Amino acid sequence: MNNKKICSFFVSEYHLLTVLLPYINEKILEEKNIELVLQNDMNIKVKEYLSKVKSLNLENEEILKLKWKKTKIEKVTLKSKEIIIVVGNQKYIEDAKKIIDITSNIEEIVDCYSISNDMEEINKIVARYEEILNTDGKHNLEKNSQNTQKRKTIQTQM
């Protein structure tokens, strides 16, 4: 199966959850198997977020059933998972990819990077992906390219 590679960036865990939970919810409704690979434990943040944000129509119980605990890379086991979500800094994600890329039954891999201040590094990361996940969903990266944005801006001003 062809792995679709998706990237996302976040500035805080709450920002990450705002981006990620609607996507996860969509995959739960599609009855996809989801595996989380997390650099940091997010159990408390997820519970807190779900208890406070009532405006989203989410499958809270199913979301909470996912393992939101810190994952040691060497202990990652991927058994018939269709969606893999990796959250952490660049080194953590690169280490996880060494294990994940060898698994063939993955439909989508979503790598969620904590943002550093180095825009050049972010541009290098984005160049390796087909799509980007942000607060308004998944988008082909072409839609977010600077040339496309410039054309759209110029066209709307005419």
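The values are calculated or read from the model by the stated rules, or taken from the named source; none is laboratory data. Predicted model, so just to flag it, every value in this text is computed and none were measured. Here Cβ is always computed from backbone atoms with ideal geometry, including for glycine, and neighbour counts include all displayed protein chains. The area values use the complete protein model at the heavy-atom level, side chains included, leaving out ligands, DNA and RNA. Shrake-Rupley method; radii C 1.70, N 1.55, O 1.52, S 1.80 Å.
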| message | Conditions first: (1) surrounded by fewer than 18 Cβ atoms within 10 Å (Cβ to Cβ); (2) modelled with pLDDT of 90 or more; (3) over 13 Å from residue 9 (Cα atoms). Residue 90 passes all but one, so which condition is the exception? | response | (3)
| Restricted to the stretch 1-23, and to residues that are of a type in the set (A, V, I, L, M, F, W, C) and open to solvent by 60 Å² or more (accessible area, probe 1.4 Å), which residue is farthest from residue 86 (Cα to Cα)? | 1
| request: Just give me the residues in the stretch 36-75 being of a type in the set (S, T, N, Q), in a loop (DSSP other than H, G, I, E, B) and surrounded by fewer than 14 Cβ atoms within 10 Å (Cβ to Cβ), in sequence order. | output: 55, 57
| said: When the residues of the stretch 115-133 are narrowed to those that are open to solvent by 50 Å² or more (accessible area, probe 1.4 Å) and not charged (D, E, K, R), which ends up modelled with the lowest pLDDT? | reply: 117
| query | Can you tell me which residue in the stretch 134-158 is nearest to residue 19 (Cα to Cα), limited to those that are of a type in the set (A, V, I, L, M, F, W, C) and modelled with pLDDT under 50? | reply | 154
